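The values are calculated or read from the model by the stated rules, or taken from the named source; none is laboratory data. None of the values given here were measured: they were computed from a predicted structure. Neighbour counts run over all protein chains shown; Cβ positions are idealised from the backbone, glycine included. Just the protein is used for accessible areas: all its heavy atoms, side chains included, with ligands, DNA and RNA removed. Shrake-Rupley method; radii C 1.70, N 1.55, O 1.52, S 1.80 Å.
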Amino acid sequence: MKLPLIQAGTEATAPRIESAPAALKPPVTPSALAYRQLRRDEFWRSIPAYAEISPETFLDHTWQSKHSITRIDKLLEALQGLVPSAFIQDAAEGFRRAPMSVRVSPYLLSLINWNDPYNDPLRRQFIPLGSRLLPDHPKLHLDSLNEQRDAPVPGLTHRYPDKALFLALDTCPVYCRFCTRSYAVGIDTEEVEKIHLRANEDRWRRAFAYIASRPELEDVVISGGDAYNLRASQITEIGDALLAIPHVRRLRFATKGPAVMPQKILTDHAWREALVGVVDRGRKLHKEVVLHTHFNHPNEITGITEDAMNLLFERGVTIRNQAVLQRAVNDDVETMQMLIKRLGYIHVHPYYVYMHDLVRGVEDLRTPLDTALYIEKHVRGATAGFHTPVFVVDAPGGGGKRDVHSYEYYDRETGISVFTSPAVKHGAYYLYFDPLHSLSQAAQRRWEDPLQQEIMIQNAITRARRQDPS
Ligand SMILES: *Cc1c(COP(=O)(O)O)cnc(C)c1O
Ligand code: SF4
């Protein structure tokens, strides 16, 4: 072990710290600590519809749920008077062309800066604009992660050796433009015919029976949809059923809830106590039960979030974050550092930052692999290692998450990166495609030609095979 300060045996007497030279580090600037400044103002009052809403009402999760906007016309109506009508028409066109369900909580709506809606990082994630949409990449497929192919029971994906993903239901407290599971969540839209995974006790029992029949499964992710939308009794039912399976050692409830409606943790006592109950019973059985959440931008974290996370921290609940790297949302070093420091400050462990999946209608939100490599380099070292996320790409085809640095081959000109995943499937190659808008004009033209597409892809795989001939 390295002893950095004093070498044993080099000094006969104890070192005289008070006579050491003054610290060499310059004093910290206030802006370097800005991540600790969490808003506690009554920010919602700037929305005309919420101008008279008291803090008590705004903190009430039933009020938040009841006033969440689930229809495009209602959302556009709520924006009347806040933004120019050209913006509203642009959003109407965006919803018409992009396949997604709508649900926006008052909390989320109030955190958007409506004085600059085109550039707001939260607006970009939840409200599409026709004028900003870009054509999909030619290699994009609907279930880009192939979760259905690895599903022994509908809504249960068993891809990795020792862990499974259980999609308990198909609704969320909010609908994100960029959702990987757009094939399954939300109500039908004109564009996407969905596979329904409603909360269904019979389907759940089949999933639990499958998990019980596979002794190698130690780790279950309970997702959806979103665990926030499970009733308290369902949290208990799922948690206890899985804890009762002897070989299950780890459970994670996955929810975007804390990022879009932290009020629920504070005021939905039944739900919170159900979660804490499963965590406590798990601990008695020496099993780990944690919460995984999904903050993408520091503006999503307020004083309300801090209070909610503090409450869970006091009750011994571990929380980890999985963010998605998105263009003009969090794809710069300053924002990502701020996000990570702010999460760490409220005791949420930044676990992953994902490359954006290849999903329909969100090409404007994707970034090239190169961006992840660059940001990771600048983030690592800014804080504790256990608060430093791993940047991963969940490459289409079912190879699972790979460290962005682990590509066998990456051609920045064509935007093709090739990964292998020996622990999941030996000998297979998985490809990720940078968005076309990040490529040169010449490369973009090559992608228009199906023959050229095949040549570029075959070349990339050949080069990757040379690198990793497994
Ligand atoms: C992400 C994922 C998991 C969990 O993976 P970790 O890397 O352990 O977080 C499990 N199953 C599937 C299908 C997944 O996509
Ligand atoms: S909350 Fe999660 S599952 Fe639901 S739409 Fe957003 S990313 Fe998808």
task = Look at Leu275 and say whether it is open to solvent by 20 Å² or more (accessible area, probe 1.4 Å), of a type outside the set (D, E, K, R), away from ligand 2 (no atom under 16 Å from the Cβ) and within 29 Å of Leu122 (Cβ to Cβ).
result = no
inquiry  = Quick check on Asn310: is it open to solvent by 10 Å² or more (accessible area, probe 1.4 Å) and modelled with pLDDT of 95 or more?
reply    = yes
note = Note on segment 57-75: residues of a type in the set (Val, Ile, Thr) and modelled with pLDDT of 95 or more are Thr57, Thr62
query = Does Gly381 satisfy being open to solvent by 60 Å² or more (accessible area, probe 1.4 Å) and either assigned to a loop (DSSP other than H, G, I, E, B) or within 16 Å of ligand 2 (Cβ to nearest atom) (or both)?
reply = yes
note = The condition of being crowded, with 22+ Cβ neighbours inside 10 Å, at pLDDT 95 or above and not hydrophobic (A, V, I, L, M, F, W, C) holds, among His349, His286, His269, His356, only for His356
Hey, Asp162 within 16 Å of ligand 1 (Cβ to nearest atom) and over 18 Å from the mean Cα position of the chain (by Cα) or not = yes
ask   = Which one of these is open to solvent by 40 Å² or more (accessible area, probe 1.4 Å) and modelled with pLDDT under 90: Arg214, Arg231, Arg205, Arg181?
value = Arg181
inquiry  = It is to be established whether one or more residues within segment 351-372 are in contact (Cβ under 8 Å) with a residue 24 or more places away in the chain, within 16 Å of ligand 2 (Cβ to nearest atom) and small (Gly, Ala, Ser).
reply    = yes
message = Cβ-Cβ distance below 8 Å, separation of 6 or more or different chains: which pairs start in segment 380-408 with a residue that is without any contact (Cβ under 8 Å) to a residue 24 or more places away in the chain and end on one that is among the aliphatic types (A, V, I, L, M) and open to solvent by 50 Å² or more (accessible area, probe 1.4 Å)?
response = Asp403/Val390
inquiry  = Is it the case, given these coordinates, that Ile88 is touching a Leu at 6+ places or on another chain (Cβ under 8 Å) and either at pLDDT below 90 or open to solvent by 10 Å² or more (accessible area, probe 1.4 Å) (or both)?
reply    = yes
request  = Within segment 421-440, track down each residue that is part of a strand (DSSP E or B), over 13 Å from Asp370 (Cα atoms) and open to solvent by 10 Å² or more (accessible area, probe 1.4 Å).
outcome  = Lys425, His426, Gly427, Ala428, Tyr429, Tyr430, Leu431
query = How many residues, within segment 152-175, are surrounded by fewer than 22 Cβ atoms within 10 Å (Cβ to Cβ) and more than 16 Å from ligand 2 (Cβ to nearest atom)?
reply = 9
task = Tell me, yes or no, whether segment 40-56 has at least one residue that is part of a helix (DSSP H, G or I), modelled with pLDDT of 95 or more and among the polar types (S, T, N, Q).
result = no
message = Looking only at segment 404-428, count every residue that is modelled with pLDDT under 95 and touching a helix residue (DSSP H, G or I) at 6+ places or on another chain (Cβ under 6 Å) and tell me the total.
response = 0
request  = Exactly one condition in (1) among the polar types (S, T, N, Q); (2) surrounded by 17 or more Cβ atoms within 10 Å (Cβ to Cβ); (3) without any contact (Cβ under 8 Å) to a residue 40 or more places away in the chain is not met by Thr70; state its number.
outcome  = (2)
query = Given the conditions (1) outside the structural domain of Phe295 (by TED's automatic domain parsing); (2) at pLDDT below 95, and given that Leu436 satisfies all but one, which numbered condition is not satisfied?
reply = (2)
message = Being more than 16 Å from ligand 1 (Cβ to nearest atom), assigned by TED's automatic domain parsing to the domain that holds Leu291 and at pLDDT 95 or above is the requirement here; does Arg198 meet it?
response = no
key: Residues of segment 116-145 satisfying the condition of being assigned to a loop (DSSP other than H, G, I, E, B), open to solvent by 30 Å² or more (accessible area, probe 1.4 Å) and in contact with a Leu (Cβ under 9 Å, 6 or more places away or on another chain)   = Tyr118, Leu134, Pro135, Asp136, Pro138, Lys139, His141
query = Does Arg252 qualify as being surrounded by 18 or more Cβ atoms within 10 Å (Cβ to Cβ), within 16 Å of ligand 2 (Cβ to nearest atom), farther than 24 Å from Val362 by Cα and among the charged types (D, E, K, R)?
reply = yes
task = For Pro396, state whether it is buried (at least 17 other Cβ atoms within 10 Å of the Cβ), modelled with pLDDT under 95 and assigned by TED's automatic domain parsing to the domain that holds Arg327.
result = yes
message = Looking for something modelled with pLDDT under 95, small (Gly, Ala, Ser), farther than 24 Å from Ile301 by Cα and more than 15 Å from the chain's Cα centre (by Cα) - is there at least one such residue anywhere in segment 360-371?
response = yes
